[in-house]
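Q: What follows is a single structure, and I will ask about it in a moment.
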Amino acid sequence: MTATDIHRTIEAVWRIESARLIAGLARMVRDVGLAEELAQDALVTALERWPQQGVPDNPGAWLMTAAKHRAIDLLRRNKLIERKHEALAYELDGEADDARSELDSMLDDDIGDDLLRLIFTACHPVLSAEARAALTLRLLGGLSTDEIARAFLVPEPTISQRIVRAKRTLAQKRIPFEVPRGDERDERLASVLEVIYLIFNEGYAATSGDDWIRPELCNEAMRLGRVLASLAPMEPEVLGLLALMEIQASRLRARTTPTGEPILLPDQDRSRWDPLLIRRGLEGLARIEALRGAHGPYALQAAIAACHARARTADATDWSRVATLYAELAQVQPSPVVELNRAVAVSMASGPAAALVLVDALTDEPLLRNYHLLPSVRGDLLHRLERYAEARDEFERAASLARNLRERHLLQQRAAACALAARSHF
């Protein structure tokens, strides 16, 4: 294996293991900022040693062991309590006390899951809603500040400041690393759901990089969603988010070609959609309706996804129903992105001209100024109206704004097709 191959392997391992690594360390040192630093130290050690020693058989365990050694050194230097030091040493030795230590940890709250503890800690009320989501995406999703900035449609320095301040606040306030109980848990639930949703979205359509989808993030978000659903089985929005993710994830195998190129929804082979995930999502929707909770934001988005899942072909989609659901979503969760999605549904239900009026009304929205999907949608509408030269310009602008290489290539292809159509049209 070449040095380049090893570095790529390290990057892949970090993407997969970083969240669990940080969560496990945070349980030990009770400081999410310090946990991230220790995890980064382990990564640096891997970058130094693996090219000479080779990639270990269990790279995730290797990283955790390296980070724990670093944690013990730090605890010694800081002269922390001896009991904690001994507990960490036992974990490293892998002795029978591991089971007792883990049981003691699980007794701290009713969810024995370090990742979930990390989410609830990062979503503490001492932080702003924006800081909670940004911090958790960084710690749980392993996303860069640039990727998080794209997800929030805000400048990268803003996200960087939020993350730094959030970690500092959690440390200064000595926020416990635990899942809260009772009313406090309910208060934090909405923020936790938002974070899980954003992690899923980053996996479903990556904001940057070489891959359009990152299934490992989708799977992690769904896993956390299922844990939450088992914790709050009568909470419609928890069930709504899980149903939404399951129905959306059912399409993952059909969303790219064997070489990783994107396949848009109308062109997907629906026989490749996962029927088990669709069935689970639809069952979740049925439970939501039984609880009379079908009008929350996640439940409404799940209902929209279900319209696609129930259609055997793209042409069979009930687009009028989709447009109506988006209109209802815009009432309960106003957002220019929701309005843009509603315009797409209107274009399918009532034609591109009607939708173009809605899209043109969004062109001055500050949040959409650098959002590549706005010119992408507008380009599609202009293409359908046979205004090919204008459509080409929109697709070229969308490509210039897109940070994902696969998506940029697709937009460039669409721009080139419009240029060819414009020449043929005349």
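Q: Given PRO236, PRO180, which one is at pLDDT below 85, over 14 Å from the mean Cα position of the chain (by Cα) and over 27 Å from ASN370 (Cβ atoms)? Quick ask: steps written out before the conclusion?
A: Numbers: PRO236 fails: at pLDDT below 85.
After applying the criteria, what remains is PRO180.
Q: Further question on the same structure: When the residues of the stretch 224-234 are filtered to those that are touching a helix residue (DSSP H, G or I) at 6+ places or on another chain (Cβ under 8 Å) and not aliphatic (A, V, I, L, M), which remaining residue is surrounded by the fewest Cβ atoms within 10 Å (Cβ to Cβ)?
A: It comes out as PRO233.
Q: Let me spell it out: the conditions are (1) within 15 Å of the chain's Cα centre (by Cα); (2) within 18 Å of GLN301 (Cβ to Cβ), and TRP273 meets all of them except one. Which number is the exception?
A: Failed condition: (1).
The values are calculated or read from the model by the stated rules, or taken from the named source; none is laboratory data. Predicted, not measured: the structure shown is a model, and the values here were computed from it. Note that we place each Cβ from the backbone using ideal geometry, even for glycine, and neighbour counts take in every protein chain shown.
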